Amino acid sequence: MRDHFLKFADHAEALSALEAIGVTVPAGKLAYLDAGLPEGLLALKPVGAACDGLVYAPTGETATDGEGRQYPLMEAVVGFHVNLRMADGAALPAALVDFEVAPEPATPAERFA
């Protein structure tokens, strides 16, 4: 299995690109899918607990909580992020190549279990 990390401008662009490769999206809202996918695709999931496609990164600033502990301030990274798991030997569809995050994130916000 090989995981690909994709970044689209927004949900609409992700939906359009994925539908173009044969992914059927119920009710037009991307969510976790692991059945009914085109050959070679094993699972698809928009990043985030709510499948909202949001990834967060530190701003470089810190804040202090009520108990005096510091923590990094986070902000949403621009774009709609989708993780795609593919079978060994399956090539990423050409329509998705331009959306692949490169280089691959060293510490992805989310991975398949």
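With respect to the conditions (1) modelled with pLDDT of 95 or more; (2) under 23 Å from Pro103 (Cα atoms), Ala63 lacks only one, and its number is (2). Across the stretch 84-113, the number of residues qualifying as of a type outside the set (Val, Ile, Thr), closer than 17 Å to Gly48 by Cα and under 11 Å from the mean Cα position of the chain (by Cα) comes to 7. Applying the criterion of being assigned to a loop (DSSP other than H, G, I, E, B) and not acidic (Asp, Glu) to the residues of the stretch 1-26, the residue that is surrounded by the most Cβ atoms within 10 Å (Cβ to Cβ) is Val23.
A count restricted to the stretch 1-25 and to residues that are charged (D, E, K, R) and closer than 11 Å to Leu84 by Cβ stands at 2.
Selection of the stretch 55-111 for residues being surrounded by 15 or more Cβ atoms within 10 Å (Cβ to Cβ) and either farther than 14 Å from Leu6 by Cα or polar (S, T, N, Q) (or both) yields Asn83, Ala90. Taken over the stretch 16-60, the criterion of being of a type in the set (S, T, N, Q) and over 18 Å from Leu92 (Cα atoms) is satisfied by Thr59 alone.
The values are calculated or read from the model by the stated rules, or taken from the named source; none is laboratory data. None of the values given here were measured: they were computed from a predicted structure. Note: ideal-geometry Cβ built from the backbone for every residue, glycine included; neighbour counts use all protein chains shown.
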